[in-house]
Amino acid sequence: MKHRYLPLTESDKKEMLDAIGVSSIEELFEDIPEKVRFKGTYNLKEAKAEPLLKRELSQLAAKNANNKQYASFLGAGVYDHYAPSIVDHVISRSEFYTAYTPYQPEISQGELQAIFEFQTMICELTGMDVANSSMYDGGTALAEAAMLSAGQTKRKKVLVSETVHPEARDVLRTYAKGQGIEVIEVPYKNGATDLESLNSLVDRDTAAVIVQYPNFFGVVEPLADVEKAAHGEGAMFVVSANPLSLGILTPPGKFGADIVVGDAQPFGIPAQFGGPHCGYFAVTKKLMRKVPGRLVGQTKDEEGQRGFVLTLQAREQHIRRDKATSNICSNQALNALAASVAMTALGKNGVRESAEQNLQKAHFAKEALKQQGVDIVFEAPTFNEFVIRLNKPVKDVNSQLLKQGIIGGYDLGLVYKELKNCMLVAVTEMRTKEEIELFAKEVGEHHE
Amino acid sequence: MSKKDQKLIFEMSQPGRIGYSLPELDVPRKDAAELLPDGYVREEAPELPEVSELDIMRHYTALSKRNHGVDSGFYPLGSCTMKYNPKINEDIARLDGLAHIHPLQQEETVQGALELMYDLQEHLKEITGMDEVTLQPAAGAHGEWTGLMMIRAFHEANGDFNRTKVIVPDSAHGTNPASAAVAGFETVTVKSGEDGLVDLEDLKRVVDETTAALMLTNPNTLGLFEENILEMAEIIHGVGGKLYYDGANLNAVMSKARPGDMGFDVVHLNLHKTFTGPHGGGGPGSGPVGVKADLMPFLPKPVLVKKDGMYQFDNERPQSIGRVKPFYGNFGINVRAYTYIRSMGPDGLKAVTEYAVLNANYMMRRLAPYFDLPYNRHSKHEFVLSGRRQKKLGVRTLDIAKRLLDFGYHPPTIYFPLNVEECMMIEPTETESKETLDAFIEAMIQIAKEAEETPEVVQEAPHTTVIGRLDETLAARKPVLRYEKEQ
């Protein structure tokens, strides 16, 4: 068997077998009982040479409509944003991407320092004291926040707004089942969490109140009121936030959030059909020792030189086993690096400018659609997404849009029964005025 | 590597410098305060760095030079399968039609992506001998928890609510008991015997009608094949429990034995280990889960199906445990794994396992004269040594690991599994040449000699890295977890 990834030659094998003292490789497998031995060959596709495989998979990829070819107005948790070229160049440095978790700090300072910087940037954006090194994604981070809240308050009920991403709520329910946590959904009104319902549902058994900011409909949730409701009953106040929006929105930390989670996908991470993205998890100092996953901390070596290590590991599964704060081991380190590079490139000014452009362009799109006679469903202020009502199925309109080179918005009727024929439209800084106008015109036409 | 502090990116920041290029806003600009509610417009800008593009590139290039990856040198980190990460995988994963597609696009616009996922599932079913596979879990631990939630749902569907315990061997990965806890189970430990294998008598003692599952990796973390696997399956199934396969060590048995044929009911795989998704400095990974037919109704939603020549997601799964992750898993990593499987083919995967095991046994036999070998029998893809002998000379396994850094190697996994004193767990993988193994062996032999003759050289290692041993106690006692600008 000759293969470019397999360097052993026939003479290597012979020498090695001699050193071991066996006559064939097969002998090394003799401890596998006859009854469970797999005999024969896997029934798999035969190996393909590099150029042929590249051609085949490129053709497969070409079957998919992608957002480099199409102008995308689809968001719903995954967005088409400016990804500085430098991001991919940095994460393609194989000292980063071919490394494991930095367990040996002396030869992992690069990764550790990059993560320390990531933690700092997430703290800056969210207004929180402590951020971890990443989670799988925003949805599982939210579920972990609920579990942390239940553990911290010793209460077994969480309230989650219906305006939180439906798939994140699905994930939350799955985790909650494992932990015996009751999940109660708080209805919405005018596109935001209904405060009256929230106030009547929250009580001394509530571990957490969870909202999204901006919420799934793009609406800026009234965090100040939600905070009062949560803390009034001693519940944790958990916010899932789009970190790019925090370039222009007041950060959840300012409103007294206990835990802020979300996904850093807007920072230089491609949509890649839903993953891998990059969950983040930020807390107040009080909860520092309850955080799931890895934390990087600053310290010194024997000569007093600054260095970085994985720290507070007593929380983690490899030390605490079944008493760990979470079972997470692998995280999304490389994507945290990508997000760091993107946040660095945007910097203090760019993150504001980018967020501002999202706000402005989405607002412009809203007005353009109104002019075409399309209903804006919620009048509440929004960031870069909003909801429109059509008079025919979203699917049909999207099929028409596709012909014009446009990927249309998300069909809300798939999840919210009362929002049949409603489309969630995302307008990022990537959409030009022309694209927005074309979109508005096309939607207006097919809306008739 | 030079002993020099690398500034934090924040310390390089200069007001007014930028590293981005956004087009001018081409729509009318309104005052943000008009568009947003009172009190919701950010007043203080986040303190992100202000640096030029070259500053950024130099910073991260400098950081990368302070990092060791598989491409930098040998990385025999046991149970982590640090094999070569093929470059074609990276190219394929970056194709526009795979990298830049949205998970909520209409199904007819992503048939290529769905076809890839479906075919990957089919390949993984064959490799593991299971009946169905989900690609949704994001990593190994996430797969463990997903599998356990399915086992829980299975028992509950049978009206069996008293199965509260999950059994794990004392040599198990730490994620096993942690995942069991998150799935709401209590963990019971089963002991290993003198031979390093699960003690069957102890297993019989701990199982009963409250047993939900036994979690096992085979070969185990000592690199030994659990040869009593069929008896263990019988014991667990005999009390109505399920057998769970931790696929972290699958590299050892591909084409030799399939979990499905060993009696396992649920399997998770670490595509970032056996199937070359890079480790990325700690992730992202991918942790697909395979199940036998009786667990299929409980798979996470949605399930990918092929109907009338079209690939589509099936959400009508009343017994499903629900979603474990938004969207469909770490697709980008799954693309890499698929590319790898297609690069290897069935004969290639068989050779992978054979050479991985050959490499491990060769190293084990050559090192055996110099270190204690706790289990003197053929290993699989990895093996453990004990540093007991060196410890008596005042040299700990930690010192040996640090000394290896001076030779340009990443050390083995140390102090794990927990049931071996001063443990070193070595996994060379199949992508390493004999010359590389020989050079590492020579380094280990030299360190063993140093332990006898000049122990301080080992005790004070590393001598050549950019930084010395770091004060971990200080890091934990006075946590500094973010940069703060000096006032």
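Nothing in this text is a laboratory measurement; each read-out follows from the coordinates by a stated rule. Everything numeric here is computed off the predicted structure, so don't read it as measured data. Backbone-built Cβ (ideal geometry, glycine too); neighbour counts: all protein chains shown.
Inside the stretch B:388-487, counting only helices (runs of 4 or more DSSP H) that do not spill past its ends, which hold 1 or more residues that are among the hydrophobic types (A, V, I, L, M, F, W, C)?
Working: elements: B:388-392, B:397-406, B:434-453, B:455-459, B:472-477.
Result: B:397-406, B:434-453, B:455-459, B:472-477.
Give the residue that is nearest to B:His173 (Cα to Cα), with candidates limited to residues of the stretch B:66-80 that are more than 7 Å from chain A (Cβ to nearest Cβ) and in contact with a helix residue (DSSP H, G or I) (Cβ under 9 Å, 6 or more places away or on another chain).
B:Pro76
Could you grab me the full set of residues in the stretch A:31-68 that are part of a loop (DSSP other than H, G, I, E, B) and more than 7 Å from chain B (Cβ to nearest Cβ)?
First, pick out the residues of the stretch A:31-68 that are part of a loop (DSSP other than H, G, I, E, B): A:31-33, A:38-49, A:62-68.
Those that are part of a loop (DSSP other than H, G, I, E, B) and more than 7 Å from chain B (Cβ to nearest Cβ): A:Lys39, A:Gly40, A:Ala49.
Give just the number: which of (1) more than 7 Å from chain B (Cβ to nearest Cβ); (2) of a type in the set (A, V, I, L, M, F, W, C); (3) touching a helix residue (DSSP H, G or I) at 6+ places or on another chain (Cβ under 7 Å); (4) in contact (Cβ under 8 Å) with a residue 60 or more places away in the chain does A:Val309 not satisfy?
Against the list (1) more than 7 Å from chain B (Cβ to nearest Cβ); (2) of a type in the set (A, V, I, L, M, F, W, C); (3) touching a helix residue (DSSP H, G or I) at 6+ places or on another chain (Cβ under 7 Å); (4) in contact (Cβ under 8 Å) with a residue 60 or more places away in the chain, A:Val309 comes up short only on (1).
Considering only the stretch B:415-442, state which residues are farther than 17 Å from B:Ala360 by Cβ and either touching a residue at least 12 places away in the same chain (Cβ under 8 Å) or touching a His at 6+ places or on another chain (Cβ under 6 Å) (or both).
Residues of the stretch B:415-442 that are farther than 17 Å from B:Ala360 by Cβ, as a first pass: B:415, B:418-419, B:421-422, B:442.
If the condition is that a residue be farther than 17 Å from B:Ala360 by Cβ and either touching a residue at least 12 places away in the same chain (Cβ under 8 Å) or touching a His at 6+ places or on another chain (Cβ under 6 Å) (or both), then B:Tyr415, B:Leu418, B:Asn419, B:Glu421, B:Glu422 are the ones that fit.
Of the residues A:Lys290, A:Lys285, which single one is more than 19 Å from the chain's Cα centre (by Cα), farther than 30 Å from A:Asn64 by Cα, more than 11 Å from chain B (Cβ to nearest Cβ) and touching a residue at least 60 places away in the same chain (Cβ under 8 Å)? Can you show your working first?
Values: A:Lys285 fails: more than 11 Å from chain B (Cβ to nearest Cβ).
So the residue among A:Lys290, A:Lys285 that is more than 19 Å from the chain's Cα centre (by Cα), farther than 30 Å from A:Asn64 by Cα, more than 11 Å from chain B (Cβ to nearest Cβ) and touching a residue at least 60 places away in the same chain (Cβ under 8 Å) is A:Lys290.
Which ones in the stretch B:301-318 are in a strand (DSSP E or B), touching a residue at least 12 places away in the same chain (Cβ under 8 Å) and either more than 20 Å from A:Glu167 (Cα to Cα) or out of contact with any helix residue (DSSP H, G or I) (no Cβ under 8 Å at 6 or more places or on another chain) (or both)?
Quick first cut of the stretch B:301-318, residues in a strand (DSSP E or B) only: B:303-307, B:310-314.
Next, only the ones that are touching a residue at least 12 places away in the same chain (Cβ under 8 Å) stay: B:303-304, B:306, B:310-314.
Selection gives B:Val303, B:Lys306, B:Met310, B:Tyr311, B:Asp314.
Scan the stretch B:257-313 residue by residue and report those that are under 22 Å from the mean Cα position of the chain (by Cα) and among the polar types (S, T, N, Q).
Within the stretch B:257-313, B:Asn270, B:Thr274, B:Thr276, B:Ser286 meet the criteria.
For the stretch A:69-83, enumerate the residues that are surrounded by 24 or more Cβ atoms within 10 Å (Cβ to Cβ) and more than 7 Å from chain B (Cβ to nearest Cβ).
Answer for the stretch A:69-83, where residues must be surrounded by 24 or more Cβ atoms within 10 Å (Cβ to Cβ) and more than 7 Å from chain B (Cβ to nearest Cβ): A:Phe73, A:Gly75, A:Tyr79, A:Asp80.
Residue by residue, here is whether (1) of a type outside the set (Val, Ile, Thr); (2) farther than 19 Å from B:Asn249 by Cβ holds:
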residue	(1), (2)
B:Pro346	yes, yes
B:Leu349	yes, no
B:Val352	no, no
B:Tyr409	yes, yes
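Across the stretch A:30-56, which residue is surrounded by the most Cβ atoms within 10 Å (Cβ to Cβ) among those that are within 17 Å of B:Val357 (Cβ to Cβ) and touching a His at 6+ places or on another chain (Cβ under 8 Å)?
Once the filter is applied, the top-ranked residue is A:Asp31.
Please indicate, with yes or no, whether at least one residue in the stretch A:368-383 is in contact with a Gly (Cβ under 8 Å, 6 or more places away or on another chain), part of a strand (DSSP E or B), in contact (Cβ under 8 Å) with a residue 40 or more places away in the chain and at the interface with chain B (Cβ under 7 Å from one of its Cβ atoms).
no
Please list, ordered by residue number, the strands (runs of 3 or more DSSP E) wholly in the stretch B:152-258 having 1 or more residues that are surrounded by fewer than 17 Cβ atoms within 10 Å (Cβ to Cβ).
Working: elements: B:165-169, B:186-190, B:211-216, B:242-247.
By residue number, B:186-190.
So is A:Val183 outside any helix (DSSP H, G or I) and buried (at least 21 other Cβ atoms within 10 Å of the Cβ) or not? Working first, answer last.
Details: outside any helix (DSSP H, G or I): yes; buried (at least 21 other Cβ atoms within 10 Å of the Cβ): no.
When the stated conditions are applied, A:Val183 does not pass them.
Can you say whether B:Lys256 is over 26 Å from A:Glu34 (Cβ atoms) and not β-branched (Val, Ile, Thr), as far as the supplied structure shows?
When the stated conditions are applied, B:Lys256 does not pass them.
For the stretch A:241-248, state whether one or more residues are without any contact (Cβ under 8 Å) to a residue 60 or more places away in the chain and in a loop (DSSP other than H, G, I, E, B).
At the first step, the residues of the stretch A:241-248 found to be without any contact (Cβ under 8 Å) to a residue 60 or more places away in the chain are none.
Within the stretch A:241-248, none of the residues are without any contact (Cβ under 8 Å) to a residue 60 or more places away in the chain and in a loop (DSSP other than H, G, I, E, B).
Give just the number: which of (1) under 26 Å from B:Val420 (Cα atoms); (2) touching a strand residue (DSSP E or B) at 6+ places or on another chain (Cβ under 8 Å); (3) part of a helix (DSSP H, G or I); (4) not hydrophobic (A, V, I, L, M, F, W, C) does B:Gly348 not satisfy?
All conditions are met except number (1).
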